[in-house]
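Below is one structure; the comments refer to it alone.
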Amino acid sequence: MASATASISSHSVSLRDLKAARIGAVKQQVAAVPASAAARGQRARAVRPLRAAEPARQPVSASAASSPAAPVAEEAAAAAATAAMAPAVDYDALAQELQGASPLEIMDRALAMFGSEIAIAFSGAEDVALIEYAKLTGREFRVFSLDTGRLNPETYQLFDKVEKHYGVHIEYMFPDAGEVQELVRAKGLFSFYEDGHQECCRVRKVRPLRRALRGLRAWITGQRKDQSPGTRASIPVVQVDPSFEGLDGGAGSLIKWNPVANVEGKDVWTFLTTMDVPVNALHAQGYVSIGCEPCTRPVLPGQHEREGRWWWEDAKAKECGLHKGNIDREAAPKAGGADGSAGAGTPDIFQSQAVVGLTRAGIENLLRLENRAEPWLVVLYAPWCPFCQAMEASYVELAEKLAGGGSSSSGVKVAKFRADGDQKAFAQAELQLQSFPTILLFPSRTARPIKYPSERRDVDSLLAFVNSLR
């Protein structure tokens, strides 16, 4: 009876079916479609969701072996066996091979290697460039995003624009409601301003990301080396993820691709403008690096792009944990000498004859004086800090301008004091240091130094501060 049914169904092709076939429709015929093709079709439709858990493995019964699903299971097992026998990829060697490749080439290689088991991590900022590169490859691709519940309205608007522009459905990941409730009830909505952002980021970002990655074999990020020179300077274009696990579980089970690692931010923006890609409206308001609304603000003249994130913390803390495996341990702060000089291997900054280098004894004497011959402007800095590096040019220009005379502020001494390492505790206790850089004005007739309250570190803003207190 079964064979008769198969015979009838294989020959009973209606005129409507023939027309559908001509325009590319797929007709499912019971006997005419090979089991392997059916299996491939079922796998293609059954793309594993990001947060999917592995299904419980059931023993194969005799009835299951004779069911239509049996060939699918058998072919899946064969595919897994073939993959297991395939030679392992040397990702260090692949990273070297692709070191000079364009982001488009790297993206194409990533999508070709992993198909539906790789996804782009999209934050709602300039990493929309990744989606444009993926589209240009002509390959299928997936996109996921972490919705922390505290993003800017403009970021949610961009998500909607991107979905419509590219015809994709972003796979959103959310934090565990119970964990968020417990954190907020115990510590309030803004505890990160008091004890750091790591705990909140762990609940709202890191754990949801971990769940997402367990459904993948690889992911694609928008990390760039120039985003944070102090912590991201050694990002490879592809690597075995050092922090998270993928679908198979265990160390080495997840591959991380960074197609724009070697691209500078200005070149990313040239690409976005040229390709007319939808971007976050916050960029036009001075935002560069965009995260959660309470922890993100525009950057100002003389500031590094990451200074708009967690501005109340030191530069070395400006990572949320998503890319902790890429933090450059070699770029960690080195302890300064007792004379305030740079530690071995760390080039000093603010190098100019117009900038006086203060030792610990020198700044202690400056603190003790109640009547100074002239005002002193002093920057408390660490040479490894990218935000100190970002203001170096303007601070040196200011010093040379004041030293050259002809300014209403001439007569002001400009100095620097390295306040990291062994000097940090002293600077925190005596010099109002909270984060680098900190700028102090020691007036000529006031004992206590006055802390510069603004984040604007351009020459004109610093001059206005000095003049207003002379």
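The values are calculated or read from the model by the stated rules, or taken from the named source; none is laboratory data. Fair warning: this is a prediction, and the values are worked out from it, not measured in the lab. Cβ atoms come from the backbone with ideal geometry, glycine included; neighbour counts cover every protein chain shown. SASA here: full protein model, heavy atoms, side chains in, ligands and nucleic acids out. Shrake-Rupley method; radii C 1.70, N 1.55, O 1.52, S 1.80 Å.
One line per residue, one yes/no per condition, for (1) in contact with a helix residue (DSSP H, G or I) (Cβ under 7 Å, 6 or more places away or on another chain); (2) at pLDDT 90 or above:
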site	(1), (2)
Glu307	yes, no
Ala317	no, no
Asp328	no, no
Arg360	yes, yes
Asn365	no, yes
Leu369	no, no
Trp376	yes, yes
Quick test of your reading of the structure: Pro259 fulfils all but one of (1) in a loop (DSSP other than H, G, I, E, B); (2) surrounded by fewer than 20 Cβ atoms within 10 Å (Cβ to Cβ). Name the failing condition by number. (2)
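From Ala125, Ala93, Ala129, grab the single residue that is buried (at least 20 other Cβ atoms within 10 Å of the Cβ), small (Gly, Ala, Ser) and in a helix (DSSP H, G or I). Outline the logic, then answer.
Details: Ala125 fails: in a helix (DSSP H, G or I); Ala93 fails: buried (at least 20 other Cβ atoms within 10 Å of the Cβ).
Just one listed residue meets the conditions, Ala129.
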Condition (residue is at pLDDT below 70, part of a loop (DSSP other than H, G, I, E, B) and not polar (S, T, N, Q)) applied to the range 293-302: is it met by at least one residue? yes
I need every pair where a residue in the range 159-183 that is free of Cβ contacts under 8 Å to residues at least 40 places away in the same chain has its Cβ under 8 Å from the Cβ of a residue that is part of a loop (DSSP other than H, G, I, E, B) and open to solvent by 70 Å² or more (accessible area, probe 1.4 Å), sequence separation at least 6 or different chains. Glu163/His169
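If I filter the range 99-122 down to residues being in a helix (DSSP H, G or I) and open to solvent by less than 30 Å² (accessible area, probe 1.4 Å), which single residue comes out as nearest to Gln227 (Cα to Cα)?
Pro103
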